Each structure stands twice: as structure tokens, then as C-alpha cells.
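Asker: The structure's right below; bear with me while I get my questions together.
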Amino acid sequence: MPKTCAFCDGENPLTKEHVWPSSFLERIGKGHAHYSPKSGRVHGGDYIVRDVCQECNNVYLSPLDEYFCALYDRYMSTPFGANSSVTLEYDYDMLCRSMLKIAYNTARSAGSETEPFHRLCDYILHGGSCPDGVALIAELVSPSYIEDSSGPVVKVKEVLPWMYRSIRAGLMTPNGNAVLARIVAVNSFFFHLLLSRNSEDFNCFELAKAEFLSKIKGTVVLNKNAMEVNLRSSPQDSLRSILPLLVKKKDQYSNFFNRRK
């Protein structure tokens, strides 16, 4: 049985697609460490999927990459310090589709849950009215502060959020199972995606969204009809989402960066 495109379900020849836009990867350079759930290893390579047809890749998805990189150049390329604020001007559909594309690519690359994305493929490719059961939530995270005991006096060191990650999240609330939660993070900007698992009943989705906003302070739901939002540093620091993984895979990360040296 021939393989079909992950976005259009067509049987056109498939191409190689970077999980993150290749133009974004060119901007940030090499040296970042990634953990692969499939291999269980920390590596420095870029994630690639091979299940996108040429037309989807070059015609419909390419403008999303261009939009994402323009947004990165204007807002996200430099981390923000503590107690910061920024007015983010955005095109809701272009931003939402860009984040969905990256999250969907990541999920397929990692062998993670993808069904809630599949019903959104037409929207990702062609735009139009955003389907129900989708929430795009923005957050400007704070720097992390850790104790530095390398010298004679213990000091508190500020760690700015230099990172990019696309990861699955868990919403541990009464209605958390009603949504698939993912985070697309670039330096200080965390974009949370909540996708309804049930395309016919959105009541639990709305409850889960309210629970998320109550639990994760300082986050803002982006309005489909707005063109800008003011974000202020949230109480959450940048390392919170990946700290358990960093601790668990500490030796692998240390070995990776020692080899890079």
C-alpha cells in the first residue's frame, strides 16, 4: 500500500520535511541538544519527517515557515529578562497554523498522539475559519535562577531561556484528558496548544481550557479576532517544562556537551 501525505492524504511523491522550518534552523545555528523519545538518546541533529508531499511542503506549508521566521526575527530571537512585557502583534490564523504544523510534525516524528491534528490538516494547509476545539495560549516565561556554588561564595545565577522545544504536555486536572496539550517554545515565548480529543463534544474542552488558565498563571488565550496581545513575564520559569527530563537524562546531556567541546 503506497504511503500517503500526512497533510493531504494524497499519494503524491513524498519529500523530506524539517520538523522546524529549515530557515529558522539556519538562524539559530547548531549546538542545541535534543532528546529523542524514539531512540532514548540525546543528540544534536535536526528532526526530519518524510511523509509530506511536494505540493503541501512547497506550496501550502512554506508560507507558514516564512511567517514563523518573521515573527521570530521581530520578537523571539532574544530572551527577555525578569518582569518584562511585550506587545505581540500577530495574525491569528497564520500563527495558529504555524504552531499546529510544528507540533504535528513533532508528534509524528516522536511517534506520539496525532489524531487530534489530523482533523485540522485542511485548516493548517489552507486556512479559513479555525475549527472549534482549538486553543492557542501564549506565555512570556521568566528566566530561571539557580545556585552557583562553583566559587568560594554561593551565588544566584540568572539563566535566560535560550531554547527551542516542541513537546507534549500533560494537563493534570479533572477534564485534562479531554485535550491533547502541546507546547511550542522559542526562548521566552511558550505557545500552548490545547486540542479537543472529541470532535463532537466541546463542553469538556472548554472546561479543560478554563482549568489550564487557572492552573498556569500569566497565560493568555489568543483571540481569533484580535491583532495584538500584551504579555508580561509569567510566574513560571523557562526550565520548568524540561527540568524533569534534564535531571533524568543528566549524564547523557553532560556527555553530549563534553563531546561538543
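The values are calculated or read from the model by the stated rules, or taken from the named source; none is laboratory data. These numbers come from a predicted model, not from an experiment. Cβ sites come from the backbone with ideal geometry, for glycine too, and all protein chains shown count toward neighbours.
Asker: What are the pairs, 6+ residues apart or on separate chains, where a residue within the range 51-79 that is closer than 11 Å to Pro21 by Cβ has its Cβ under 7 Å from a residue that is modelled with pLDDT of 95 or more and of a type in the set (Ser, Thr, Tyr)?
Answerer: Final answer for the pair search is Leu64/Ser98; Tyr67/Ser98; Phe68/Ser98.
Asker: Collect the residues in the range 185-210 that are part of a loop (DSSP other than H, G, I, E, B) and of a type in the set (Lys, Arg), keeping them in residue-number order.
Answerer: Within the range 185-210, the subset part of a loop (DSSP other than H, G, I, E, B) is 187-188, 197-202.
Answer for the range 185-210, where residues must be part of a loop (DSSP other than H, G, I, E, B) and of a type in the set (Lys, Arg): just Arg197.
Asker: Moving on to the next point. In the range 160-181, what count of residues is obtained for those that are out of contact with any Gly (no Cβ under 9 Å at 6 or more places or on another chain) and either in a loop (DSSP other than H, G, I, E, B) or among the basic types (Lys, Arg) (or both)?
Answerer: Of all residues in the range 160-181, those out of contact with any Gly (no Cβ under 9 Å at 6 or more places or on another chain) come to 161-169, 171-175, 177-178, 180.
Filter once more, keeping what is either in a loop (DSSP other than H, G, I, E, B) or among the basic types (Lys, Arg) (or both): 161-163, 165, 168, 171-175.
Of the residues in that region, 10 qualify.
Asker: Still on this model: Evaluate the range 150-159: report whether one residue or more is over 18 Å from the mean Cα position of the chain (by Cα), under 24 Å from Asp73 (Cβ atoms), at pLDDT below 95 and among the aliphatic types (A, V, I, L, M).
Answerer: yes
Asker: What is the number of the single condition among (1) closer than 27 Å to Arg50 by Cα; (2) of a type outside the set (Val, Ile, Thr); (3) within 15 Å of the chain's Cα centre (by Cα) that Phe189 does not meet?
Answerer: Here Phe189 meets the rest and fails (1).
Asker: Name, by its number, the condition in (1) loosely packed, with under 13 Cβ neighbours inside 10 Å; (2) modelled with pLDDT of 95 or more; (3) closer than 20 Å to Ile167 by Cα that does not hold for Tyr72.
Answerer: Failed condition: (1).
Asker: Right, Thr173: over 19 Å from the mean Cα position of the chain (by Cα), surrounded by fewer than 18 Cβ atoms within 10 Å (Cβ to Cβ), modelled with pLDDT of 95 or more and not aromatic (Phe, Trp, Tyr) or not? Steps first, answer last, please.
Answerer: Details: over 19 Å from the mean Cα position of the chain (by Cα): yes; surrounded by fewer than 18 Cβ atoms within 10 Å (Cβ to Cβ): yes; modelled with pLDDT of 95 or more: yes; not aromatic (Phe, Trp, Tyr): yes.
Yes, satisfied.
Yes/no per residue for (1) in a loop (DSSP other than H, G, I, E, B); (2) modelled with pLDDT under 95:
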| site | (1), (2) |
| --- | --- |
| Ile183 | no, no |
| Leu213 | no, no |
| Lys224 | yes, yes |
| Asn230 | no, no |
| Asn255 | no, yes |
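Asker: Please enumerate the residues belonging to the range 176-195 that are in contact with a Lys or Arg (Cβ under 9 Å, 6 or more places away or on another chain), more than 15 Å from Met99 (Cα to Cα) and buried (at least 19 other Cβ atoms within 10 Å of the Cβ).
Answerer: Listed by number, the residues that qualify are Ala178, Val179.
Asker: What do you reckon, is Pro2 at pLDDT below 90, loosely packed, with under 15 Cβ neighbours inside 10 Å and over 18 Å from the mean Cα position of the chain (by Cα)? Let's see the steps before the verdict.
Answerer: Details: at pLDDT below 90: yes; loosely packed, with under 15 Cβ neighbours inside 10 Å: yes; over 18 Å from the mean Cα position of the chain (by Cα): yes.
Considered against the rule, which asks whether it is at pLDDT below 90, loosely packed, with under 15 Cβ neighbours inside 10 Å and over 18 Å from the mean Cα position of the chain (by Cα), Pro2 comes out as yes.
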